[in-house]
1. Modelling each spin label as a point 7 Å along the Cα-to-Cβ direction, I'd like the HIS95/GLU44 distance in nm, to one decimal.
2. Once the piece of chain linking SER35 and GLU123 is laid out straight, how much longer is it, given 0.36 nm per residue of separation minus the C-alpha distance between them?
3. Calculate, in whole percent, how much of the Cα-Cα pair population of segment 71-135 lies beyond 19 Å.
4. 7 Å from Cα along Cα→Cβ at both SER55 and THR81: what's the point-to-point distance in nm?
5. Cα-Cα pairs above 18 Å in segment 43-91: how many percent?
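A short reminder: the numbers here are calculations on the coordinates, not readings from a lab. A quick note: this is a predicted structure, and the numbers were derived from the prediction, not measured. Here Cβ is always computed from backbone atoms with ideal geometry, including for glycine, and neighbour counts include all displayed protein chains.
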Amino acid sequence: MLHGAAAGGAALAAGAALTACGGGGGDSKGNGPSSATTLGAASEVPVGGGKVYGSAKVVVTQPTKGTFHCFSAICTHQGCTVGSVQKGVIACPCHGSEFSVSDGSVKQGPADKPLPSVPLKVEGGKLVAGPAKKS
């Protein structure tokens, strides 16, 4: 079964996961794409980890098989781009902030706000992010 992010829930569409999350807002501040953007194959995101898509300014995680979440890749501390996803956290290389792969919440500061969620759907085995909903 496919599950969505806690902030917005999930919907099934043609047998694919659809994560519809609030927050973020697709804008020039790097809070995800302002229009639907194909990121790549869902199979590129490892189970238990994730992948940073720097050009789209998002990070996609797959905490459990078939469950995908998408967040802004811009750290809420000082705006650095997160660098990696490992051991259940999204890590920012600038000041050591860490965020949950499941919901983007802060696991370790100095960041004190979660990563904003970005809508994500899987269409034909491809990840499609955005447009982000405005708060």
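1. That separation, rounded to one decimal, is 3.0 nm.
2. Value of the extension gain: 30.1 nm.
3. Every Cα pair in segment 71-135 considered, those over 19 Å come to 32 percent.
4. Here the modelled spin labels are 1.1 nm apart.
5. Of the Cα pairs, 21 percent sit more than 18 Å apart.
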